[in-house]
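What follows is a set of notes on a single structure, which appears directly below.
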Amino acid sequence: MLAGDFGLAVKWAMEHQLQVGRMFDAEDMVDVSQAHMMADPESLGEAGVAFVENLAETDVKVRVPMITDPRGVDLNYYEPLGQTENMAVLERRFIAACKKMGITMTNTCINYQTIMPPVFGDHVAYGDTGVVIYSNSVCGARSNFEGGPSALAAGLTGRTPRYGLHLDDNRRATKRYQVAEEPQDLMDWGALGATIGRMAGSYWEVPVIEGIETVPTSDQLKHFGAAMASYGSVPLFHIAGITPECQKLEDAGGVDLEIIKVTTQAINRLKEPFSAVGDLVDVVVFAAPQLSIIEMAELAQLCRGRKRSETTDVIVCTSAQVYSDAVSMGYVAEIEGFGGQVLVGTCFYQQYAREIGEANGWIRLLSNSAKIVNILGGYGYQPSLASMEACIASAEKGIIVK
Amino acid sequence: MRKELKCHVGIGPEVKGVALVANDNFSARYDLDRINGVFSRPQHKLYGKSYKDVILVLNTAKGGVATAWMLYEMASREIAPKAILFNSVNTILAQGAALAEMTMVDRFEDGDVTKLIKTGDLLIVCPDEGKVIFAH
């Protein structure tokens, strides 16, 4: 591959992987069963799209099943959102290049709920931090955070440098957290994940968590992990008695670690900057991660028979796989009846958040996603956090309510 | 006064530039206005500061995978740092640096790099040798 016998694209991929592997002292490569690439046009820009097009022009094909993270433009709904034709053109060019290389455009960050979850011990090359932390922690698969270029390289070579979370030693717990109160709704799970993520604060820390007695749902762990990865760049956690590599605390090596208490006060301190009860709200967003069919059902039920305020927009992001079920179940109709807009195959923060905010006059944003409120401060928003129920009640009144 | 700092072998070419230092973390998506080349997250310690052509010295990486593409995109428009030095890098930043051919090193032997280097220091970063030289 390095010699160019498999073409220039594969040569680039191997050179890229060797550079990264050298930085992390990888001794060899490991075969991967799947790759998943994050690549929205805002991140790629003209330069990134041209780079991918140039690879595709060599007629290279991916060597393992490769899927994609959410797109930045819903090509069926971009002008009303304030996105430009140039953004859509960039998106179309990227999609065409990916298809030419044999990449399956799943456009989802919940592939572990909808496409093909990795299995225990499976080595994969996944992008999207939420996908990686869930796959590592809940499924027991093995992936580093693979940024778009590295995920693409793994797709082209069918392997990845063996470092980080592909190695047993790096999956052992390094911090031990004791939770005082079990989270209830999705926002609570996100806030707990965010708090632990901020406390751990490094890609190389592995939290083990005690004090969770009730087995969480996939959606709860989805929000928990996505927030932990967002606030702390953490790619793996263990929950004692629940996640597969930690049926007992000693399994993950947590027994001798100092206990760090995660107090209710610590969680409240994290949430405090995102509290704005009584403020006008411009947009309510359900995204990051994309909603599962169960979340769509819950949202539809909350929307039933109600109407959003004329001054508050409501955006819901889900995957194409979930969307078709949500249509057939009538969930989309109920959300639209409330005045919400369901976007397909995108995620709000990945779709030119600054530009669509400016185009629509959105500043005060409300969400039940601890991840999205963390991200959007840098995009000119004033983000606030509330439960799904409070988000819908706020959208109805146009004012943030408890 | 120190003459050089040892670190882990890194990525990218040898570069010379002026340091911009903060004991804070980094994500291109979360923290930057990439059009104008400034830190845009109000809570960031470098809020409002330009990162163009400087050597950023920060604690660690945070957040998402987008930074990998974004470093390449920033470099293509020449509104990018010359190098980024971290106490501890995550995989995304290293992968992005490799694609963007941006200099990046981490893991300094003498301790917290955000204390060892001060804003305004003139530095030469040598990733292949794993060292940073004070040029003044």
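Structure notes:
- Restricting attention to the range A:42-69, the residues that are on the phi > 0 side of the Ramachandran plot and surrounded by fewer than 18 Cβ atoms within 10 Å (Cβ to Cβ) total 1.
- Strands (runs of 3 or more DSSP E) fully within the range A:301-402 that include at least 1 residues being more than 26 Å from A:ASP128 (Cβ to Cβ) and more than 14 Å from every other protein chain (Cβ to nearest Cβ): A:364-367.
- Restricting A:THR157, A:THR195 to residues that are assigned by TED's automatic domain parsing to the domain that holds A:VAL234 and either modelled with pLDDT under 95 or not hydrophobic (A, V, I, L, M, F, W, C) (or both) narrows the list to A:THR195.
- Candidate set: the range A:96-128, residues that are in a helix (DSSP H, G or I) and over 20 Å from the mean Cα position of the chain (by Cα); chosen: the one nearest to A:ASN360 (Cα to Cα): A:ALA96
- A residue that is out of contact with any His (no Cβ under 8 Å at 6 or more places or on another chain), more than 18 Å from A:ALA240 (Cα to Cα) and in a helix (DSSP H, G or I) occurs somewhere in the range A:130-142.
- Checking every residue in the range B:114-130 against the condition of being in a helix (DSSP H, G or I), more than 8 Å from chain A (Cβ to nearest Cβ), in contact with a strand residue (DSSP E or B) (Cβ under 9 Å, 6 or more places away or on another chain) and closer than 25 Å to A:PHE51 by Cα gives zero matches.
- Of all residue pairs spaced 6 or more apart or on separate chains, those with beta-carbon atoms under 8 Å, a first member in the range B:1-25 that is more than 14 Å from chain A (Cβ to nearest Cβ) and a second member that is aliphatic (A, V, I, L, M) and surrounded by fewer than 14 Cβ atoms within 10 Å (Cβ to Cβ) are B:LYS16/B:LEU122; B:LYS16/B:ALA135; B:GLY17/B:LEU122; B:VAL18/B:LEU122; B:ALA19/B:LEU122.
- Those residues of the range B:44-91 which are within 10 Å of chain A (Cβ to nearest Cβ), among the hydrophobic types (A, V, I, L, M, F, W, C) and touching an Asp or Glu at 6+ places or on another chain (Cβ under 8 Å), in sequence order: B:VAL65, B:ALA66, B:ALA75, B:VAL89
- A:ARG176 vs. criteria touching an Asp or Glu at 6+ places or on another chain (Cβ under 7 Å), in a helix (DSSP H, G or I) and either surrounded by fewer than 19 Cβ atoms within 10 Å (Cβ to Cβ) or more than 14 Å from every other protein chain (Cβ to nearest Cβ) (or both): no
- In the set A:LEU152, A:LEU165, only one residue is part of a helix (DSSP H, G or I), farther than 18 Å from A:PHE237 by Cβ, within 14 Å of another protein chain (Cβ to nearest Cβ) and modelled with pLDDT of 95 or more; that residue is A:LEU152.
- B:ARG77 meets the conditions (1) crowded, with 18+ Cβ neighbours inside 10 Å; (2) touching a helix residue (DSSP H, G or I) at 6+ places or on another chain (Cβ under 8 Å) in every case but one. The failed one is (1).
The values are calculated or read from the model by the stated rules, or taken from the named source; none is laboratory data. Not measured: the values here are computed from a predicted model. Every residue, glycine among them, receives a Cβ derived from its backbone with ideal geometry; neighbour counts consider all protein chains shown.
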